[in-house]
Amino acid sequence: MVLLWNAFRTQEQLKSAADARLIASSLRKATAVGDFVAERRNGVAELAERHEIETYLINKALGMSPRYGLNANLDAVEERFRRLVAQKTVRGEPIYNRIVLFDENGDTLIDIAPDQPAIPLPKGTRDGATLRVDPENRRIVATAPVLYRGIFSGTVAAAGELEQLSRYLISSESQDQYREVLLTVDGRELPALGRKAILDAGYTHSLAALPQNKLVPVDPMVDGPGGDTARRGTLALRTPISGVPLSLVTILAEDQIYGQITSRLFLFSAAAFPLVVLFAAILFDRMRRRTIKLQVAFAESDRRRFELQGRNVVLSEEIERREAVERELRDKSAELEAMTADLRASMLRAEEASLAKTRFLATVSHEIRTPMNGVLGMAQRLLAPELTQHERQGYVRTILNSGQTLLTLLNDILDLSKVEAGKLDLTHSLFDPLQILEETAALFAESAHQKGLRVEVAWRGPECAGYWGDPIRLRQMLSNLASNAVKFTDAGYIRIEGTEVERNSGQAALEFGVSDSGVGVPQDKQSMLFQPFTQVDGSSTRRFGGTGLGLSIVRSLAQMMGGEVGVETKDGEGSRFWFRIRADVMAEGVDARPREGAAERRNGFTAQAAAGSLAKAEDSRADAGDVTVATSRGTETENTREKTSGTGVRPLQIDHVVPLVKEIELLLEGRKFRAVGRFQALQARVAGTGVSAELEPIARLVADFRFEDALSGLRRIASAHGWNAG
Amino acid sequence: MKILTVISKVGVAALVICMATLTWAADLKEIKARGEIRHLGIKYANFVTGAGDGFDVELVQGFARHIGVKYRLVYTDFYNVIRDLLGKDVVRRGDEVLLEGQHPVKGDIIATGFTVLPWREKVVLYSVPTFPSQVLLVARAESAYTPIKGSANLSKDIVETKAILGTKSLLVMERTCLDPANYGLKGKGIDLKAYSKSSNLNEMVPALLNKDAEFTLLDVPDAVLDLQKWAGKIKVIGPISEQQELAAAFPKSSPELRDAFNEYMRRIRADGSYDRLVNKYYPGIRRYFPDFFGRKGA
């Protein structure tokens, strides 16, 4: 409705504007016509005041006769009239075609066109300039009074073609829907020159009566082409022309001014479709409201979206921070878990270590207590009176063996401590693996013999092999394994063997192993092997003694030598403990004989008989009041296979013996118990030679700890064989 | 007296013969041969304005173009104009006109509102009339004398006018168209006051207004202008003379030149050029001489 109302208003405004434009146009034209005729009137008025006329009047007042003098003045006036006619033109046509000077009586003094119809001088011409229309003669006449010294002295009248008004100032051309005509006050049409009136008299009378300056509908009643068409919707506008009794009447078709869309048509349309308009208005209003709501909703949505986006950004940053914190927490948790696991493992290890140490202490205590009981018991026996020499020696030997056992135990503990502390240094000297195998076998020959075990030695490697390493520790490792083999084997054999399993760039991997036909190790106990202070049977009622440090020392030393340890065992079917080390291969041309002496090299399998054995205190419970000492003497085993020269006596390698003899001499001089073990080693080296029998008595002196006697005897033998020569 | 009369006639005849001998050569052929025509003009009314134009100036200029020669204006005055044309002084003794002396000829044609007078016709050749004229009696506006009413009888009007003049003082200019001898005013007891300050006829009205005399003579061409110029200051009492004609004057020895001029006049009166000249310089003259200006051609 608003739109329709606006459209209606617009149409009305356009209509008003068109009306105003048309009225303004008509006013302009009427004004132009008025100005045109006013110019005529003013021109005549000015002409009446020209000095030529005034001169005439002056001279006339002086009494000059028209014949002599005034004629000249009148001629000047006439000439002025003619010049005015020539000057006042429009589009080349004079606006005056006749100018007349009348005297005060109305007699003609000058008439430049006397052949034209006379110009009457109606009343009122003396009062001032006038302009009147003479439709009969198609002329417009302007008059102006001539005054001389304020006295009416004549009249100037100028006539022009009336058609000029229509010809030049209005659209006099006949058109179908637009006409402009000049009408007199009495309703007579003033057609242009050469044209006839197009409106009938009755119609022009009605047009002349129209209200001025107002566009009103009229009945056309137009003659001529288009008249029928113009009868529908014809408007007329009458505009009076100022200063002249004429009106400019514009007749035009309504369509021409308002176009095809008129307010009337609009009203008809609006009347025909009011419901549609109302519905459209309501619909438009709803759509507008909905649009407004949607715009508000969109604005709110946008606002929320922007707010959410802002929040999301904050949340995203918060999430990122939290994720970073969580990651850090997870990392910390992982670290804590790892630390916890480490701590737990450490704790377990600590607990295990603590338990092992507890067991170790129990074991060590037991292992210490046993020899100590032996020492103390034997020492108590020695206080008894009336002891025989043999009993006394026996008691002392027991004390000596117990002390040796304690010393060995302490040495093992010390070695393990050094290894774990990293303070154990390995030597780097040349050694013969076969020699070490043989020495180890000799060391346990006696104990094996006592248990009826067969001892075998084997080296599977290059002949005259020599390697750089620590032979003392290697021997210790083999001894520990052999000791266990003897300990846990009741029948069968003990095999001590070595193999060069790999050689590469002057370095070789050597594997040493001790096999037995003993009790073996249960599967569930195998993981306990090589752990310090652990034994397969750690109970207080165990069958086999020992500190449990031997295998641990073996493993530690093997690792220090770039190797490893292992066991192949089956419960009740024996075991094979082995270890591997890496050793530099001796260069060719170098004497591979070890400085501390080595067993004589043999091809293939070598049997070595133990030169003797040290009586070892049996595992016994030495109660305070019941002390039992069991001793044994090692002899050469029957099972020892040896290959000798053709004489049956193995030749003595002096170089292998002399250093050891000197070492033993020093030990004996210092009354060192190590002299017992080293002397056994000497016996092993000389076993099978002619010297072996000579050393037997001295061996007994050493075993009885009669170190001074043993020293004297040893020096005597050494001197006899020239071992002191060097 | 008779002897003297005879001697004078003989002398005049001899002078005429002598003048003719001296001036006959300035005819049309000579002028064309010279390529220039010399126009003798006098500052008078609107005939020769002194500003290089005027009715007669344009008239002769047109004539020069007509015969195909250059135009040159030579100023002179009413006292010397004939001498400059003929090379002789004009001496009037009664009805006799004598040409005396020897002077250089300065011009070939006189055209300057030159009135056709009988005595002049004795020494020069006139063309067809170029302009009408008449001598009027003019008084100051405040003069107590009333102009005549005028009638259809010019002679009666002249008598009436002269009656008003009586013996009162009258400004005249001898040897011009305002010479009182031309109109029988000498010897009548009129107080003639010859204006001798200059030979310019335009100064007659100012002299009248200066009260040099009670009346003055004024020819119509001048009067037409002065009645506009001095409107309310002067008034025309009545005619003194019959209607006169003005014309161009040539030496008697220049008939071909005069004939050529007459031919020229016929042509410009026929084609309207003459009327345009009249309207230009004397817009009020037609009504005064309707008969003259109604003629087309001479």
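Computed quantities for the displayed model
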{"item": "Segment B:164-225 and segment B:55-120: distance between their alpha carbon centers, rounded to Å", "result": "23"}
{"item": "Length-normalised contact order of segment A:327-405 in % [C-alpha pairs under 8 Å, at least 6 apart]", "result": "30"}
{"item": "Helix-derived mean residue ellipticity, 222 nm - over chain B, DSSP H n ≥ 4, -39500 (n - 2.57), to 500", "result": "-11000 deg cm²/dmol"}
{"item": "Buried on assembly, segment A:56-81 (at least 50 Å² less accessible surface than by itself, 1.4 Å probe)", "result": "A:LEU62, A:MET64, A:ARG67, A:TYR68, A:ALA72, A:ASP75, A:GLU79"}
{"item": "Cα gyration tensor shape of segment B:47-140, rounded if a/c is under 1.5, else prolate or oblate by comparing a/b with b/c", "result": "oblate"}
{"item": "Segment A:398-460 shape via C-alpha gyration tensor axes, a/c threshold 1.5", "result": "oblate"}
{"item": "Mean accessible surface per residue for segment B:196-241, computed with a 1.4 Å probe while every protein chain stays in place, in Å²", "result": "32"}
{"item": "Rg/Rg_ref, chain B, where Rg_ref = 2.2 N^0.38 Å and atoms are Cα", "result": "1.01"}
{"item": "Shape of segment A:439-529, Cα gyration tensor, a/c cut at 1.5", "result": "prolate"}
{"item": "Over 30 Å between alpha carbons, listed pairs B:LYS122/B:LYS235; B:LYS235/B:LYS280; B:LYS156/B:LYS235", "result": "B:LYS122/B:LYS235"}
{"item": "Violating pairs (Cα-Cα greater than 19 angstrom) within the set A:LYS60/B:LYS211; A:LYS29/A:LYS214; B:LYS43/B:LYS211; A:LYS60/A:LYS88; A:LYS60/B:LYS233", "result": "A:LYS60/B:LYS211; B:LYS43/B:LYS211; A:LYS60/A:LYS88"}
{"item": "Radius of gyration, Dmax [segment A:363-419; alpha carbons; angstrom]", "result": "13.8, 49"}
{"item": "Hits among lysines - C-alpha to C-alpha of A:LYS662 under 18 Å, sequence gap 8 or more where chains match", "result": "A:LYS672"}
{"item": "B versus A: buried accessible surface, summed, Å² (probe 1.4 Å, to nearest 100)", "result": "1900"}
{"item": "10 Å Cβ neighbours from other chains, averaged over peptide B:279-285", "result": "5"}
{"item": "Shielding of B:217-223 by partner chains, average beta-carbon count, 10 Å", "result": "1"}
{"item": "Mean separation of Cα contacts under 8 Å, 6 or more apart, over the residue count of chain B: relative contact order %", "result": "25"}
{"item": "For peptides A:431-440, A:89-98, sequence by mean Cβ density within 10 Å, most packed first", "result": "A:431-440, A:89-98"}
{"item": "17 Å Cα-Cα reach of A:LYS570 towards aspartates and glutamates, excluding residues that sit fewer than 8 places from it in its own chain", "result": "A:ASP490, A:ASP516, A:ASP524, A:ASP537"}
{"item": "Convex hull volume per residue in cubic angstrom - Cα atoms of segment B:112-186", "result": "130"}
{"item": "Quarter of the Cα convex hull surface for segment B:155-298, i.e. its orientation-mean projected area (nm²)", "result": "10.1"}
{"item": "Calculated Rg and Dmax of segment A:1-149 using C-alpha coordinates, Å", "result": "23.3, 89"}
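The values are calculated or read from the model by the stated rules, or taken from the named source; none is laboratory data. As the structure is a prediction and not an experimental result, all values here were calculated from the model. Counting neighbours? That spans all protein chains shown, and the Cβs are built from the backbone with ideal geometry, glycine included. Heads up: the accessible areas ignore ligands, DNA and RNA and are worked out on the full protein's heavy atoms, side chains in. Shrake-Rupley method; radii C 1.70, N 1.55, O 1.52, S 1.80 Å.
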